[in-house]
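Read the structure below first, then the notes.
The values are calculated or read from the model by the stated rules, or taken from the named source; none is laboratory data. It should be emphasised that the depicted structure is a prediction, and the values quoted were computed from it without experimental measurement. We place every Cβ from the backbone using ideal geometry, glycine too, and count neighbours over all the protein chains shown.
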Amino acid sequence: MENIYLEFYKEQTRKLHKDTFKDIDVNDYQYLIFEDPYIMLDHDILIGRLDRKKSFGFLRQELEDIYIEYQHLSDAMHDDIVLVKEDVEPKVVYIVERALKVLIATVRKHKKGLFFEPEEFIEKRLFVDEYPGLVEGHVVLLEVDSIDKLTVNSHVKKVIGHVNDPDINTLKIVHAYEWPDHFPKDVMDDLDNISVDIEQEKKQRLDLTNDLIITIDGADAKDLDDAISLRYEDGKYYLGVHIADVSHYVRNGSFLDIEAYNRSTSVYLADRVIPMLPHLLSNDKCSLNPDELKLTLSCMMTLDENAKVIDYDIQKSFITSKRRMTYSEVNQFLKDGKSLGNKEIEDMLLSMNELSLKLKQIRKKRGEIEFESSELGFIVDKQGKVLDVYERSTDDAEELIESFMLIANETVAFHMHHADLPSIYRIHEKPDVVKLKNALQMVSRLGFSVNMKQLGRPEPLQMITKNTLNTPYSYVVHMLLLRAMQKAKYSHQKDIHYGLGATYYTHFTSPIRRYPDLILHRLIHLFVLGEAKDLKKQIYHYEAVMPDIAKHTSDQERKAVQMERDVAKLKSCEFMEDKVGNYFKATITQMMPSGMFVKLLNGIEGFVPLRELDDYYMYNESLLTYIGRRGKKYRLGDQVKVELLKVDVSEKKMDFTIVDKKKNKKK
């Protein structure tokens, strides 16, 4: 029963076509009605996520939140998906899906023996089945067996470590997401079964070992899955994007393949990488390390003087990277003219940068929206202690690689679609009109000109991002617009990529760290390069399984992104823990009734509770301003000076207050 109601939540709709469900009798479901051809939620039934507070709750919905009194919350817990009956006093009538599936807990000791202290407050008594060998300080993963009115019943699924372990806080987060932190034995044993006859492969592949091919990555990158080459002759660019042929090593249905699919992505945390594939593949056999012969899939494109693709070829190949370059050294050459000690590579990089700028201009003309987002970088020691925090930035070298990967992804997507082959696409649908309208109204309140007549078209948004780029409001405006956007996802059907302004788009260039790229390579081998033994059967198979693959990999990607954010918050708190009482320059980035979020110069974000300010403040939504009784004002986007009041590492939160510069000496 639960899964049927869950479909309404996933689709954020009140009605679904009857073909969505197979042979269900609506009479078996208390809160459904049938109005041909739709199956609908009953007229007074709402579905959403419960945001439960101590004495009340909210049903969080797409457009409007519903307040629920404590006595009408039933035994629903925070983040449960619930059905709520609309009435004079709305009440929870059915729990569709429990959010609490696992718990992280620390083993504590008292007079009567050991007990389990959960990381999060659960408002119910926690019962845990007996588990041998536990001592005080053990950190464990509990799996929830059942939840009733007063209790949460669980058992120990795994011992994660001990509170004294140096990286235990990161491990808590990883295990809370139930993300595997090691490879099972059968997966590692599978590595021994990989047998590749390089000499035989060379006979069947395009030999590109004499081409000038290089890699450009971050200095600490070890999984090098893309290499590039470029010739400029007779007014044409001959661009090669050469990608590690991972699917040749990871065979369909192998333990390696199953594990890679389950993970779907590598996870890049502040102090570690959890790879999708074992290091023997990700850092060695498949990684395009310099001066090593590697098997690749190459997308070779011919572009005219205006950077338009006029011809392309997708081939299996083998290459030898001539140099492993870093973003920083390429940027130093392109921006400061610092020599790389190789004239041939320098000339190629200059042509590459020229082509990259032309490609960027094309994307801009067709509707690409350049959002400025904030991503934290961390410098950590071997014990995982954060030594420094900084905001990551992109420059010419990063944009060069991005441009070439984008055009390769578009070219492959174009080919798969027009060849009418099973594929996986990266899509980004048009923004929700209501969300976008609300965001634009907030932007206009900040004093920027907004075109409300062309909602959904990229040109007005391009103008806003351009006009705000070098203003104090840049980050705030870009975040407002980003929150109004749909989330990009994988799909078995072609659709636009709104943010890039692309008609065709896929992920082809990172098969070491993304499963969609790996499965696309497998499809290219089978259908583009003609390796399918039974073409009709294989096409039928992949057309059938691709919707599930797209959904699973999208779900895993979202989970990985949230885990990365949680670890970034944790490490930010650990870094700031000894800085309580210090002052910082900050920008007000978000406002809500209980307070405001601020962002420091190094990118770290925290919260300013209204109760910590020196006056009673009211929030004026039309002005995006807090106004104090004594006339003092704080507005969204204002630059302020803040004092760090409190850091809660376990909650991954930090509180600030705004400091009056006149009354405080600089600290």
- Message: Condition first: touching a residue at least 40 places away in the same chain (Cβ under 8 Å) and either surrounded by fewer than 14 Cβ atoms within 10 Å (Cβ to Cβ) or polar (S, T, N, Q) (or both). Can you find one or more residues in region 31-40 that meet it?
- Response: no
- Query: So which of THR465, THR471 ends up being in contact with a Leu (Cβ under 8 Å, 6 or more places away or on another chain) and either surrounded by fewer than 21 Cβ atoms within 10 Å (Cβ to Cβ) or in a strand (DSSP E or B) (or both)?
  - Reply: THR465
- Message: With the structure loaded, tell me whether TYR504 is on the phi < 0 side of the Ramachandran plot, part of a loop (DSSP other than H, G, I, E, B) and either of a type in the set (A, V, I, L, M, F, W, C) or touching a His at 6+ places or on another chain (Cβ under 8 Å) (or both) or whether it fails that test.
- Response: yes
- Of all the residues that make up region 259-276, how many are touching a strand residue (DSSP E or B) at 6+ places or on another chain (Cβ under 7 Å) and assigned to a loop (DSSP other than H, G, I, E, B)? 4
- Query: Which residues, counting only those in region 417-433, are touching a residue at least 12 places away in the same chain (Cβ under 8 Å) and out of contact with any Phe, Trp or Tyr (no Cβ under 8 Å at 6 or more places or on another chain)?
  - Reply: SER423, ASP432, VAL433
- Are there any pairs with C-beta distances below 9 angstrom linking a residue in region 1-28 that is closer than 14 Å to ILE81 by Cβ to a residue that is at pLDDT 80 or above and basic (Lys, Arg), with the two at least 6 apart or on different chains, and if so which? PHE8/ARG14; PHE8/LYS15; TYR9/ARG49
- Query: Out of all the residues in region 188-203, which are closer than 30 Å to LEU230 by Cα and surrounded by 10 or more Cβ atoms within 10 Å (Cβ to Cβ)?
  - Reply: VAL196, ILE198, GLU201, LYS202
- Task: Tell me which residues, restricted to region 8-25, are assigned to a helix (DSSP H, G or I) and surrounded by 14 or more Cβ atoms within 10 Å (Cβ to Cβ).
- Result: PHE8, TYR9, LYS18, THR20
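For (1) in contact (Cβ under 8 Å) with a residue 24 or more places away in the chain; (2) over 30 Å from ILE214 (Cα atoms), each residue gets a yes or a no:
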position	(1), (2)
VAL380	yes, no
LYS435	yes, yes
VAL443	yes, yes
SER449	no, yes
LYS453	no, yes
THR465	yes, yes
LEU481	yes, yes
- Query: Which residue out of GLY341, GLY367 is surrounded by 14 or more Cβ atoms within 10 Å (Cβ to Cβ) and at positive phi?
  - Reply: GLY367
- Query: For residues in region 584-627 being on the phi > 0 side of the Ramachandran plot and in contact with a helix residue (DSSP H, G or I) (Cβ under 8 Å, 6 or more places away or on another chain), which is modelled with the highest pLDDT?
  - Reply: GLY595
- Query: Got a sec? Which of ASN164, ASN169, ASN193 is more than 30 Å from LEU142 (Cα to Cα) and either in a helix (DSSP H, G or I) or not aromatic (Phe, Trp, Tyr) (or both)?
  - Reply: ASN193
- Task: Check LEU277, LEU303, LEU288 and return the single one that is crowded, with 21+ Cβ neighbours inside 10 Å and touching a His at 6+ places or on another chain (Cβ under 9 Å).
- Result: LEU288
- Task: Give just the number: which of (1) in contact (Cβ under 8 Å) with a residue 60 or more places away in the chain; (2) outside any helix (DSSP H, G or I); (3) not β-branched (Val, Ile, Thr) does LEU520 not satisfy?
- Result: (2)
- Message: I'm trying to understand the selection: among the residues of region 476-497, which are closer than 28 Å to GLN441 by Cβ and either in contact with a Pro (Cβ under 7 Å, 6 or more places away or on another chain) or part of a helix (DSSP H, G or I) (or both)?
- Response: VAL476, VAL477, HIS478, MET479, LEU480, LEU481, LEU482, ARG483, ALA484, MET485, GLN486
- Query: Residues of region 84-136 being outside any loop (DSSP other than H, G, I, E, B), touching a residue at least 24 places away in the same chain (Cβ under 8 Å) and of a type in the set (Asp, Glu), which ones?
  - Reply: GLU97
- Task: Give me a count of the residues in region 450-462 that are surrounded by 15 or more Cβ atoms within 10 Å (Cβ to Cβ) and either of a type in the set (S, T, N, Q) or assigned by TED's automatic domain parsing to the domain that holds LYS360 (or both).
- Result: 1
- Message: For region 579-607, give me each residue that is in contact with a Ser or Thr (Cβ under 6 Å, 6 or more places away or on another chain), touching a residue at least 40 places away in the same chain (Cβ under 8 Å) and not small (Gly, Ala, Ser).
- Response: LYS599, ILE604
- Query: Could you list, in sequence order, the residues of region 68-83 that are assigned to a strand (DSSP E or B) and within 12 Å of GLY48 (Cα to Cα)?
  - Reply: ILE81, VAL82, LEU83
- Task: Residue by residue through region 295-314, note down the ones that are of a type in the set (S, T, N, Q) and in contact with a helix residue (DSSP H, G or I) (Cβ under 9 Å, 6 or more places away or on another chain).
- Result: ASN306
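To keep it simple, each residue is scored yes or no on (1) assigned by TED's automatic domain parsing to the domain that holds LYS365; (2) over 31 Å from the mean Cα position of the chain (by Cα); (3) within 24 Å of ALA244 (Cβ to Cβ).
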residue	(1), (2), (3)
HIS279	yes, no, yes
SER282	yes, no, yes
LEU295	yes, no, yes
LYS308	yes, no, no
SER317	yes, yes, yes
THR320	yes, yes, yes
THR326	yes, no, yes
LEU334	yes, no, no
GLY337	yes, yes, no
- Message: Scan region 551-571 and tell me whether some residue there is over 30 Å from TYR261 (Cβ atoms) and touching a residue at least 60 places away in the same chain (Cβ under 8 Å).
- Response: no
- Message: Return the residues of region 202-213 that are over 25 Å from PRO278 (Cβ atoms) and either in contact with a Ser or Thr (Cβ under 6 Å, 6 or more places away or on another chain) or part of a loop (DSSP other than H, G, I, E, B) (or both); say none if nothing qualifies.
- Response: LEU206, LEU208, THR209, ASN210, ASP211, LEU212, ILE213
- Subset of region 565-621, residues of a type in the set (Val, Ile, Thr) and within 18 Å of ARG635 (Cβ to Cβ), comes to THR587, ILE588, THR589, VAL598, VAL608
